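Each value in this text was obtained by applying a stated rule to the coordinates, not by laboratory testing. This one's a predicted model, so the numbers in the text were calculated from it and none came from an experiment. For neighbour counting, all protein chains shown are included, and Cβ atoms are generated from backbone atoms with ideal geometry for every residue, glycine included.
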Amino acid sequence: MDVQAPNPPSSDPADAAPSPVKHVHGACPHDCPDTCALRVTVQDGRALRVQADPEHERTLGALCTKVSRYTERTYHPERLLYPMKRVGPKGSGQFQRISWGEALDTIAARLKEIAARDPEAILPYSYAGTMGLLQGEAMAGRFFHRLGASRLDRTICASAGGAALGATYGGKVGMKVQFFAESRLILIWGSNPITSSVHFWTLAQQAKRAGAKLWCIDPRRTDSADKCHRHLALRPGTDGALALALMHELIRLEALDHDYIARHVNGFNQLKERALAWTPERAAEVCGVEAGLIRELAQDYATVKPAAIRLNYGMQRVRGGGNAVRLIALLPCLTGAWRHRAGGLLLSASGWFANVRNDAGLQRPDLLGERRPRVINMSTIGQDLLREAAPGFGPRVEAVLVYNSNPVAVAPQSAQVAAGFAREDLFTVVLEQFQTDTADHADIVLPATTQLEHLDVHTSYGHTDVLLNEPAIAPLGEAKPNTEIFRLLAARMGFDEPCFQDDDETLARHALKGVDFDDLRARGWVRLPIPDAPFAEGGFPTPDGKVIVDAPGLGVPDFVPNYESTETTPELARRYPLAMISPPARHFLNSTFVNVKSLRDIEGEPVLEIAPDDAMARGVVDGGLVRVFNDRGEIRLRARVSTRARPGVVNGLGIWWRKLGLDGRNVNELTHQRLTDLGQGPSFYDCLVEVQAA
Ligand SMILES: Nc1nc2c(c(=O)[nH]1)N[C@H]1C(S)=C(S)[C@@H](COP(=O)(O)OP(=O)(O)OC[C@H]3O[C@@H](n4cnc5c(=O)[nH]c(N)nc54)[C@H](O)[C@@H]3O)O[C@H]1N2
Ligand SMILES: Nc1nc2c(c(=O)[nH]1)N[C@H]1C(S)=C(S)[C@@H](COP(=O)(O)OP(=O)(O)OC[C@H]3O[C@@H](n4cnc5c(=O)[nH]c(N)nc54)[C@H](O)[C@@H]3O)O[C@H]1N2
Ligand code: SF4
Ligand SMILES: [Mo]
């Protein structure tokens, strides 16, 4: 691969005095609920430091370890700096530098030829490599809408929980995160905030110091679980049963807020009937925990107020994830926890931005005209790349343009994903900062800028501020922002609508409604006017303002067991008796940062945590190599025999680049492509395996 050192500083002679440092407003681009405001220190055209913007309250004066090292990522010697074309077999990573002109001409020629037959044979593939509204779907959306390409259903992370919140509250809305600091009881449910939302963790610690009790509900004994007062280590995918038993106890303890329910909840009686069938003993059996622990949690939730739930997406990556989120989201409605600003629930705050984001103005779905191209679910990309043309499916996928995502590493059942991307007849373009597993499968790789090099506007899913990211330095090498790449491609395709002329400044000014762009520019962020206790008097964003129990077409939520479990697939469970979850490693962000050596050194090797008894039964020793397998494939991981894993569950921490793993594969070799009950999301944590010493 053709790489070269990044640009030298713009001022040249050794004897010239360095120019003064300046500070630039930035926003963390990563898929993380904290959406920190950055302060980038720049001198002589070079970014020296990336720090927390001390003025931004929600950033709490500090960034996480990963983004504190963002300059290491930006100036990484392996940054992609030039367009390249593939010269070896797909997946081998052999590339040769070409000019932008050749790259764009090659892409446009191929896309035109395919589009002349059927534009739906072309597929965009993107997710949240950057959460920015511009470098996300702004110009890309215009491009693919104008082209009439297949549409992508972006389900890979949050769609089960998102659909569940929609079905219950009418949108992805919840508590304001800062008020967790005032809660007296916090349930950290399906979330490991020390890893994945460290600023929330700071608030939970403040509450703890002020006397709050913290519970963690997680199969894994995480760092966060260690620091909570109580840990309920349930089996993966059994949260719905736990929530029903909690309701059972709230009813038995007469802890319901009948006034709140009468005024703000529709359909409680049907739910009550269902909950009364879930004694703590019944749930304890399903969850694999002591009934006494469920009773204790219920007692706390019934009596300690204000009580807040920090739910996170970890618990919805199973077949019944949507139903489980619906059930948990009802808990604070039954106790009236919403009456207090430090009570209620937060899974996502992104719905607060629904009327602020000008997505249609940026992405221009109107460019589709009358066309309604098929929709492909990003979570089944493996099987869909391998499908032939068929009625009900449409044409075989002939071209994929990947940006802001690394599907070969992150999508489920990677053997199929890699086989799909390895198709010789598939034309693949990857816009990337680094030579990822996916970029290895590209025909053309286009170098993309990092957050320090481009303009962007950010909303958040963990707080309620909007942020601006100003470019701090010039693009390195020949890298370009995604927006510019799609503008250039649009021109090559002959798309002459004026919207393809909009520059990034114009896009940024149109990204938000009701927010003064000059205010945003002056300070770097703007707070949305959301009430402190938004649902104290009901007023949920449903048609009648009331919480929904019996959702149209979905019915009353219920416990839905995993696809793969002793109960649902006993024969499979005999062969593969261990449930595997694959939550994030602390120093990576999904598959981002795996190639930053200082962070990878902290993580060491891809590990599998296994409980002492499960290890002993298999002759597995701490530090030994293990083979982890099921009918979909196998991988080698380093065993960590540890009580971080509960009996019967192994934890394969993710998401390693395949090529940086121990055997050129990662945990997604073992996951499957079956979808969640709501939202058509992936069920990464609904996965049976067996482990052997290797
Ligand atoms: N450092 C770091 N931070 C990240 C990320 C990262 O990769 N690294 N990823 C970012 C992204 S994309 C997202 S979506 C968020 C994710 O944020 P979270 O959803 O908070 O993700 P995790 O930290 O993985 O926490 C999920 C926890 O759920 C547990 N879990 C697994 N299965 C179940 C279950 O069935 N029930 C229950 N109750 N718990 C279960 C796991 O053991 C894990 O500890 O974090 C973001 N922040
Ligand atoms: N087994 C298992 N699999 C999982 C998960 C899990 O917990 N377990 N988590 C799932 C979740 S929650 C998520 S969100 C997905 C995440 O999956 P992805 O959204 O694919 O996230 P990343 O792996 O971080 O890959 C993002 C890529 O975008 C690139 N990028 C960043 N900024 C830019 C830019 O401005 N321009 C361009 N062109 N590229 C850019 C980065 O270099 C990086 O390679 O993975 C999912 N996969
Ligand atoms: S990854 Fe999260 S915690 Fe780290 S800087 Fe970004 S927003 Fe903040
Ligand atoms: Mo995610």
Do you know the relative contact order of region 570-693, to the nearest whole percent, from alpha carbon pairs under 8 angstrom that are 6+ apart? 36
Using alpha carbons only, how many angstrom separate the centre of region 404-432 from the centre of region 595-628? 27
What is the helix-to-structure angle for 198-209, meaning the angle in degrees between its Cα long axis and the longest Cα principal axis of the chain, kept from 0 to 90 and rounded to the nearest 10? 30
Relative contact order computed over region 182-249 (Cα-Cα under 8 Å; 6+ residues apart), in percent: 29
Using alpha carbon centers only, region 227-246 is separated from region 437-455 by a whole-angstrom value of 41
Just the isolated ones, please: cysteines in the chain lacking another cysteine beta carbon under 4.7 angstrom. CYS32, CYS64, CYS157, CYS287, CYS333, CYS499, CYS687
Taking the Cα centre of region 160-347 as the origin, how large is its charge dipole in debye, to the nearest 20, when only Lys and Arg (+1) and Asp and Glu (-1) carry charge on their Cβ atoms? 440
With the cut-off at 21 Å, tell me which of the pairs LYS513/LYS546; LYS90/LYS597; LYS22/LYS66; LYS22/LYS597; LYS85/LYS480 have Cα atoms farther apart than that. LYS513/LYS546; LYS90/LYS597; LYS22/LYS66; LYS22/LYS597
When the charge dipole of region 160-347 is computed with +1 on Lys and Arg Cβ and -1 on Asp and Glu Cβ about the Cα centre, the Cα farthest towards its positive end, among PRO332, GLY267, ILE194, belongs to ILE194
Do you know the relative contact order of region 88-221, to the nearest whole percent, from alpha carbon pairs under 8 angstrom that are 6+ apart? 16
Report the charge-dipole magnitude of the chain in Debye, nearest 20, computed about the Cα centre from +1 at each Lys and Arg Cβ and -1 at each Asp and Glu Cβ. 880
Given the chain, what percent of its DSSP beta bridges are antiparallel, to the nearest 5? 50
For the chain, longest principal axis from Cα atoms; helix 159-169 axis from its Cα atoms; angle between them, nearest 10 degrees, is 50
Once both axes come from the Cα atoms, what is the angle between helix 321-334 and the longest principal axis of the chain, in degrees from 0 to 90, rounded to 10? 60
Which value in deg cm²/dmol, rounded to the nearest 500, describes the helix-derived mean residue ellipticity at 222 nm for the chain, given -39,500 (n - 2.57) per DSSP H run of n ≥ 4 and division by the residue count? -8000 deg cm²/dmol
Residue among ILE530, SER224, CYS32 farthest towards the positive dipole end of the chain, charges placed on Cβ: SER224
Which semi-axis lengths, in whole Å and largest first, follow from the square roots of five times the eigenvalues of the Cα gyration tensor of the chain? 40, 30, 26
If you find the alpha carbon centre of region 93-125 and of region 292-333, how far apart are they in angstrom? 48
